[in-house]
2 protein chains.
Amino acid sequence: MASSEKSERAGAPARGTGGRGRGRPRSFDRATALEKALMAFWEHGYEATSVSDLTRVMDIGTPSLYAAFGDKRSLFEEVVQEYGTRYGSFGDRALAEEPTARAGIERMLREAAVEYTAPGRPHGCLVIHAAVNCSTPEVEESLRERRNANIAAIESRIAADVAAGLLPPHTEAATLARYTGAMIQGMSQQARDGASRGELEALAEIALAVWPRG
Amino acid sequence: MASSEKSERAGAPARGTGGRGRGRPRSFDRATALEKALMAFWEHGYEATSVSDLTRVMDIGTPSLYAAFGDKRSLFEEVVQEYGTRYGSFGDRALAEEPTARAGIERMLREAAVEYTAPGRPHGCLVIHAAVNCSTPEVEESLRERRNANIAAIESRIAADVAAGLLPPHTEAATLARYTGAMIQGMSQQARDGASRGELEALAEIALAVWPRG
DNA sequence: GCATTTGTCTAGCGGTCGCTACAGAAATGA
DNA sequence: TCATTTCTGTAGCGACCGCTAGACAAATGC
């Protein structure tokens, strides 16, 4: 079995998205359960969230979890993907939508201050924290690759502005990108340690002061 | 029993520090074993390091560990204290020994780049990482308090320079201190994610560029 | 020698971990 | 109606978790 979920294998429409399957229907909403798992992993991290914790917050039995999401690893991977599209995309959007790298990173840092302290959900960034001190190396490396990919995206956005003459030719895109990434990571840690939105916004202000004048 | 180690209770001299006790002597060097435990906790964090891992790297039996160090929590606390004096004191030293806050923080950031990537030991900072995703709230809070205390120390050093007229009176000591702390935390995360000493030193350079001109 | 003190060794406690076998329940198509 | 398909609930698997009881080993003071 290649797919991790039987009812969503190729050729058969997913349950709950219109085409009802043949057997007994699922007694819970898959998206809602996934969101509950997302919040649990976001708050406590991969290893510190047990399958028993998950079934409790998702309000389903263990076999239902395994039937719907595969094993714990698969569920976490799906959670990370969902997090990326629902909560962790503000940076990519900022880089893509703003006219310059400078404006994109300014917006990214300001929005990070808001996102990382938003009420009603865990503070900080799931990708930065959820696999720290994880004894499953694949999980730890998977999130590390995401972090480094984010920094690489910042770097290429800066390099594009340098190539277009919007930034001085001597601008070190890689260093500036790493600085931005480190700042984001520091802000996320600060949020976890109790910093308020205003305090994070003040950090963003300072971080932007180093930006080369275009 | 109040003390966590029988052979070091008040009134009786510690074993291995000159005054031999009465019973069978310890078959291992306590300081060496503690150092091994320190490295294990530093690399993998509190929860991801099991007692079984500890006895293996310390090369002692389980009852010996409990007799010499108390339980896992006590051993970790002693490790954190040892880490603070042996590896984590460069920041306090920099603030105390340099003539100005600016010089102290400059040295702190530069030394962090070296310390966090030193060969032969885990990268990054134990206090920043070892209790992330920890399901023992006391341990998590203990390290969080240390992080926030470090930032408070930076703040008071900056405030002292402001009071002495070495920095502009409008300098926001708290914000500048938090910025420095966030930068240190971001550098530590970067070290864990594979950044080299040179890359971290470049981050320190950028971070210092925002410092107000005194 | 001998009682006392202390450390080490083997073995195993109760608990939780991620995960699954199996039987029954609830839908389908014929 | 009834076989087929799929999901759910109970119950429990082997492995590891932190930790400890109890027997033996090795030092001391007398």
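The values are calculated or read from the model by the stated rules, or taken from the named source; none is laboratory data. From a predicted model like this one, the values you see are computed outputs, not experimental measurements. We place every Cβ from the backbone using ideal geometry, glycine too, and count neighbours over all the protein chains shown.
Filtering the stretch A:23-32 to residues that are among the hydrophobic types (A, V, I, L, M, F, W, C) and either without any contact (Cβ under 8 Å) to a residue 24 or more places away in the chain or crowded, with 20+ Cβ neighbours inside 10 Å (or both) leaves only A:Ala31. Residue count for the stretch A:59-83, restricted to those that are out of contact with any Asp or Glu (no Cβ under 9 Å at 6 or more places or on another chain) and more than 16 Å from DNA strand C (Cβ to nearest atom): 2.
For the stretch A:124-135, enumerate the residues that are in a helix (DSSP H, G or I) and facing chain B (nearest Cβ under 9 Å). Of everything in the stretch A:124-135, those that are in a helix (DSSP H, G or I) and facing chain B (nearest Cβ under 9 Å) turn out to be A:Ile128, A:His129. Restricting attention to the stretch A:33-70, the residues that are more than 10 Å from DNA strand D (Cβ to nearest atom), touching a residue at least 12 places away in the same chain (Cβ under 8 Å) and farther than 20 Å from A:His123 by Cα total 3. Note on the stretch A:64-114: among residues that are hydroxyl-bearing (Ser, Thr, Tyr) and part of a helix (DSSP H, G or I), the one that is farthest from A:Glu140 (Cα to Cα) is A:Ser64.
Scan the stretch A:158-214 for residues that are of a type in the set (D, E, K, R) and at pLDDT below 95 and the total you get is 1.
Flag not set for A:Thr117, criterion: within 14 Å of chain B (Cβ to nearest Cβ), assigned to a helix (DSSP H, G or I), under 26 Å from B:Leu109 (Cβ atoms) and hydroxyl-bearing (Ser, Thr, Tyr).
Taken together, the residues in the stretch A:19-63 that are part of a helix (DSSP H, G or I) and over 21 Å from A:Tyr87 (Cα atoms) amount to 7.
Kindly establish whether A:Ala113 is closer than 29 Å to B:Cys125 by Cβ and either hydrophobic (A, V, I, L, M, F, W, C) or surrounded by fewer than 19 Cβ atoms within 10 Å (Cβ to Cβ) (or both). Answer is yes for this residue.
Within the stretch A:94-150, the set of residues being among the hydroxyl-bearing types (Ser, Thr, Tyr), within 28 Å of A:Thr49 (Cα to Cα) and touching a Leu at 6+ places or on another chain (Cβ under 8 Å) comprises A:Tyr116, A:Thr117.
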